[in-house]
Amino acid sequence: MLPITGGFPINYFEKIKDLKLGDEIYYKTQYGTKTYEVILSTIIDETDWSYLQKTEENKITLITCVRNKPNKRLCVQAIEKV
């Protein structure tokens, strides 16, 4: 049986809080792996969708809950390295 973390059997974002500027995120699919470099890690309001706006660069945005702060979210953005 898998351990329950944050109410779910698997917590893919468990260590997102540890990401720092310059760290790499690897996004793997059946078509290959892309590498992204972290450019932002910040706490936002749960209603702040401004970080999901269209951009010119290939950017990945990860948003997850913040422990003991139900109205806040951790937002991490990274740009693809080419």
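Structural remarks
- Subset of segment 55-82 that is among the polar types (S, T, N, Q) and in a strand (DSSP E or B) - its residue that is nearest to Tyr12 (Cα to Cα): Thr64
- Residues in segment 7-54 that are charged (D, E, K, R), outside any loop (DSSP other than H, G, I, E, B) and in contact with a strand residue (DSSP E or B) (Cβ under 9 Å, 6 or more places away or on another chain): Lys17, Glu24, Lys28, Lys34, Glu37, Asp45.
- Filtering segment 67-78 to residues that are open to solvent by 30 Å² or more (accessible area, probe 1.4 Å) and not basic (Lys, Arg) leaves Asn68, Pro70, Asn71.
The values are calculated or read from the model by the stated rules, or taken from the named source; none is laboratory data. All figures in this text were calculated on a predicted structure; none of them were measured in a lab. Using ideal geometry, Cβ is built from the backbone for each residue, glycine included, and neighbour counts are taken over all protein chains shown. These area figures cover heavy atoms from the full protein model, side chains too; ligands, DNA and RNA do not enter into them. Shrake-Rupley method; radii C 1.70, N 1.55, O 1.52, S 1.80 Å.
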